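Scroll down for the structure; my scribbles are underneath it.
The values are calculated or read from the model by the stated rules, or taken from the named source; none is laboratory data. Being a predicted model, the structure only gives us computed values, none of them experimental. All Cβ positions, glycine included, derive from the backbone under ideal geometry; neighbour counts span all protein chains shown. When the accessible area is computed, the model is the full protein with side chains, heavy atoms only, and any ligands, DNA or RNA have been set aside. Shrake-Rupley method; radii C 1.70, N 1.55, O 1.52, S 1.80 Å.
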Amino acid sequence: LKNGIHINQLLILTFTKAAAAEMKERIRKSIKKENLLEELNYIDSAYITTFDSFSLSIVKKYHYLLNLDDNIGIAQASLVDIKRHEIMDEIFENMYQVGDAKFLNMIDTFCSKDDTSLRESILTISKKLELRYDLEDYLNNCLSESFNESTINKFVLEYENLIEQKKNEINDLTDDLIRMTDEKYSIKLGEYITPILEENDLTNLLYKLDSSLPSLPRGSEEEVKKVKELLASAITDLKSLVSYGDLEEIKRNIIGSKEFVEVIVSILKSYFKSLKEYKMNNKLYEFTDIANFAIKILEDNEEIREEIKYSFKEIMVDEYQDTNDIQELFIGMIANNNVYMVGDVKQSIYRFRNANPDIFRDKYNSYQKLDGGMKIDLLKNFRSRREVLFDINYIFNQIMSN
């Protein structure tokens, strides 16, 4: 603002209405304090708002392009959730009546007393899929892309890497325990661990994991016992990992699940078709729908996209660690090498709104190398004492993996 850019030339986005209101008020106070009084004329029309509200403003302005009413609003989530269950129940009942053989086989395989857990599982999948802008293409290509040889080999390679990582963890913990115990115990431990680490056949490995770790010498210190507990836990994890048979059997099992995936994809296609019709007919839309409408408007209308892109000098995103994939796609469409993001991956709390902290982390890592942007570390905290920060960071360093 001091350099002559007006407040209404900035797009300032955060995640809650309360945070946006607080931000606007703090900016208003700073404007008065810095004697930039002209900006008070612009602040009420400035976009200091939430992602959802900004998306809604675009949809309301260009509603006619999608044959939507100009008074489009957000429905109560509970209303739509009731309908979600009704639609899924209707699809299941219809498939029972038709006697769909693949569907009935899936019921026999996965259900015992009733099919409630299966219905809920498919609804859970559907809620994740609603956050894909390419939902229709994804469902159409799901089977061909998930069950080709290269994808299956990729799954198996990831699985082998998990086993290797767990073996490395066991090796490191074994080294720690050997350093902390006498030679007699170290020899026993080596005789138990070495065959496990050297075995590559999964069936033989599972057999070797059936025996127990040698007992520690009497009077061992608590620290030694703790390391042994960690080692025992890692061995249990490895045993769980290799309990699926050999690699060829795993591949056969993945291929064997194709029929079930086919049924689930068919259910989801019917489900999303019915849900979309219900929403359109009753004018009941959720935040995700509004975001998708906004993206559709920008995608299909280059002049609107360019108008929005060049109307903002800078796009500023707060709490960036809580961005989800649709919001990231939306920002990418109106960005003009002018996005400034602030966040802390340790503070990601919006998993229930499908926040994807990987978006933040990937940018953090690439910007660190000046790839696509620049990283500025904000290392000073003005709210907490050193003792609080030190303890919290210490805890995170113990428990937080990549």
Item checked: Failed criterion for residue 2 (all others in (1) outside any helix (DSSP H, G or I); (2) buried (at least 16 other Cβ atoms within 10 Å of the Cβ) hold) -> (2)
Notebook entry, point to check: Can you tell me which residues in the stretch 133-143 are surrounded by 15 or more Cβ atoms within 10 Å (Cβ to Cβ) and either over 12 Å from residue 261 (Cα atoms) or without any contact (Cβ under 8 Å) to a residue 24 or more places away in the chain (or both)?
Noted result: 133, 135
Next item on the list: Name the residue, out of 251, 276, 313, that is out of contact with any Phe, Trp or Tyr (no Cβ under 8 Å at 6 or more places or on another chain) and without any contact (Cβ under 8 Å) to a residue 40 or more places away in the chain.
Entry: 276
Checklist line | Evaluation of residue 78 against (1) modelled with pLDDT under 95; (2) within 29 Å of the chain's Cα centre (by Cα); (3) under 30 Å from residue 336 (Cβ atoms) (one fails), failing number | finding: (3)
Margin query: Looking only at residues that are of a type in the set (Phe, Trp, Tyr) and surrounded by 14 or more Cβ atoms within 10 Å (Cβ to Cβ) in the stretch 242-274, which one is farthest from residue 84 (Cα to Cα)?
Written below: 260
Next item on the list: Could you please find all residues in the stretch 31-65 being surrounded by 19 or more Cβ atoms within 10 Å (Cβ to Cβ) and over 31 Å from the mean Cα position of the chain (by Cα)?
Entry: 39
Next item on the list: Please name all residue pairs, on different chains or six or more residues apart, with Cβ atoms under 6 Å, provided the first residue is in the stretch 101-115 and is more than 16 Å from residue 267 (Cα to Cα) and the second residue is open to solvent by less than 80 Å² (accessible area, probe 1.4 Å).
Entry: 111/118
Margin query: Suppose the filter is touching a residue at least 60 places away in the same chain (Cβ under 8 Å) and of a type in the set (Asp, Glu); does residue 259 pass it?
Written below: yes
Note to self: Within the stretch 212-232, take every residue that is assigned to a helix (DSSP H, G or I) and without any contact (Cβ under 8 Å) to a residue 12 or more places away in the chain and give me the one that is nearest to residue 159 (Cα to Cα).
What the structure shows: 229
Next item on the list: Name every residue in the stretch 194-211 that is within 11 Å of residue 243 (Cβ to Cβ), open to solvent by less than 50 Å² (accessible area, probe 1.4 Å) and in a helix (DSSP H, G or I), in order of residue number.
Entry: 202, 205
Next item on the list: Residue by residue through the stretch 46-69, note down the ones that are part of a helix (DSSP H, G or I) and of a type in the set (A, V, I, L, M, F, W, C).
Entry: 51, 54, 56, 58, 59, 65, 66
Check: So which pairs qualify, if the first residue must be in the stretch 370-392 and closer than 19 Å to residue 338 by Cβ, the second must be open to solvent by 70 Å² or more (accessible area, probe 1.4 Å) and not charged (D, E, K, R), the Cβ gap must be under 7 Å, and the two must be at least 6 apart or on different chains?
Finding: 375/364; 375/368
Check: Which one of these is at pLDDT below 95 and under 29 Å from the mean Cα position of the chain (by Cα): 112, 121, 144?
Finding: 144
Check: Among the numbered criteria (1) in contact (Cβ under 8 Å) with a residue 24 or more places away in the chain; (2) over 21 Å from residue 11 (Cβ atoms), which single criterion is violated by residue 353?
Finding: (2)
Item checked: Residue that is farthest from residue 393 (Cα to Cα) [pool: residues in the stretch 346-381 that are open to solvent by less than 50 Å² (accessible area, probe 1.4 Å) and either in contact with a Ser or Thr (Cβ under 8 Å, 6 or more places away or on another chain) or of a type in the set (A, V, I, L, M) (or both)] -> 373
Checklist line | Residues within the stretch 144-193 that are open to solvent by 30 Å² or more (accessible area, probe 1.4 Å), part of a helix (DSSP H, G or I), within 27 Å of residue 249 (Cβ to Cβ) and not hydroxyl-bearing (Ser, Thr, Tyr), tallied | finding: 16
